[in-house]
Amino acid sequence: MTSFDAVIFDCDGTLVDSEPILLAAVEEQALALGVAPALLADLHDMKGQSMALTLATIGQRRGRPLPEDFEATVRARMAETFKERLQPMPGAQALLRRLALPFCVATNGPRAKTELTLSITGLLPLLRPDRIFSAYDVGVFKPDPALFLHAARALGVAPERCAVVEDSTSGVRAGLAAGMQVHVLRSAQPLPTELHAQVRHLEALEELLDAS
């Protein structure tokens, strides 16, 4: 790892502690539909991918697609729980306040949901509105690197001079494919062995300041 000139943050599980709420909402609503618990046993491994892909996978396993309004139902439940329980990741506010380099958010989540979670956790005022990038707007989802490359262009920084902060395998693969310096925040989802030596592991967000 070398020094960098800009930072691209994932949002869920990196800046806001939303992953447990998100996965719980999917599981809760799927079980209510009668989806067998065994079909959801590895739900945590789907962290970081698009909601559409996660729901399509569940539908394939049960032998028929989930209802058309299922995603809307899940997102409504998520939003309710976010307002009740969502917290920033430890150190997120302090890091964004201290970070002197240009930074942005690039997420697989919809922009409205991202702005909601950042607002609830007090992080939204620390980000410029034009520096929140959603895969839904770009039309390409991680692990494709296009979202990160789009963010780098918007920041005016070469990909190799960008640090990516991620917590999911799909995000790590996207950052590496973009040729960026990938920093992985400690997560319950272990990285595949072949990726370990290609990234810098962070026990806490504040450690990013030591690398800049």
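The values are calculated or read from the model by the stated rules, or taken from the named source; none is laboratory data. The shown structure was predicted, so the numbers you read here are calculated from the model rather than taken from an experiment. Ideal geometry is used to build each Cβ from the backbone, glycine not excepted, and the neighbour counts take in all protein chains shown.
Numbers below:
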{"item": "Lone unmet requirement of (1) within 16 Å of the chain's Cα centre (by Cα); (2) closer than 25 Å to A211 by Cα; (3) not in a helix (DSSP H, G or I) for G109", "result": "(2)"}
{"item": "Hey, T117 at negative phi, touching a strand residue (DSSP E or B) at 6+ places or on another chain (Cβ under 6 Å) and not in a loop (DSSP other than H, G, I, E, B) or not", "result": "yes"}
{"item": "Any hit, region 150-173, residues being at pLDDT 95 or above, under 16 Å from the mean Cα position of the chain (by Cα) and of a type in the set (S, T, N, Q)", "result": "no"}
{"item": "Residue list for region 31-54, restricted to those being farther than 21 Å from D167 by Cβ and touching a Leu at 6+ places or on another chain (Cβ under 6 Å)", "result": "none"}
{"item": "First in region 21-37 and among the small types (G, A, S), second anywhere and assigned to a helix (DSSP H, G or I), Cβ under 7 Å, 6 or more apart", "result": "A25/V74; A25/R77; A25/M78; A25/T81; A30/L40; A30/I58"}
{"item": "Unique match (being under 15 Å from the mean Cα position of the chain (by Cα) and modelled with pLDDT under 95) among L147, L195, L118, L185", "result": "L185"}
{"item": "Qualifying residue in region 164-172 (condition: surrounded by fewer than 24 Cβ atoms within 10 Å (Cβ to Cβ), over 24 Å from T193 (Cα atoms) and not small (G, A, S))", "result": "no"}
{"item": "Filtered residue count, region 129-138, keeping only those that are at pLDDT 95 or above and not polar (S, T, N, Q)", "result": "5"}
{"item": "Among residues of region 84-121, those that are surrounded by fewer than 16 Cβ atoms within 10 Å (Cβ to Cβ), more than 16 Å from L205 (Cα to Cα) and touching a residue at least 60 places away in the same chain (Cβ under 8 Å), counted", "result": "1"}
{"item": "Qualifying positions in region 124-136 - touching a helix residue (DSSP H, G or I) at 6+ places or on another chain (Cβ under 6 Å) and within 18 Å of L53 (Cβ to Cβ)", "result": "S134, A135"}
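To keep it simple, each residue is scored yes or no on (1) farther than 24 Å from S187 by Cβ; (2) small (G, A, S); (3) touching a helix residue (DSSP H, G or I) at 6+ places or on another chain (Cβ under 8 Å); (4) not assigned by TED's automatic domain parsing to the domain that holds P145.
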residue	(1), (2), (3), (4)
A25	no, yes, yes, yes
H44	no, no, yes, yes
A52	no, yes, yes, yes
A56	no, yes, no, yes
Q60	yes, no, no, yes
P65	yes, no, yes, yes
F70	yes, no, yes, yes
V74	no, no, yes, yes
R77	no, no, yes, yes
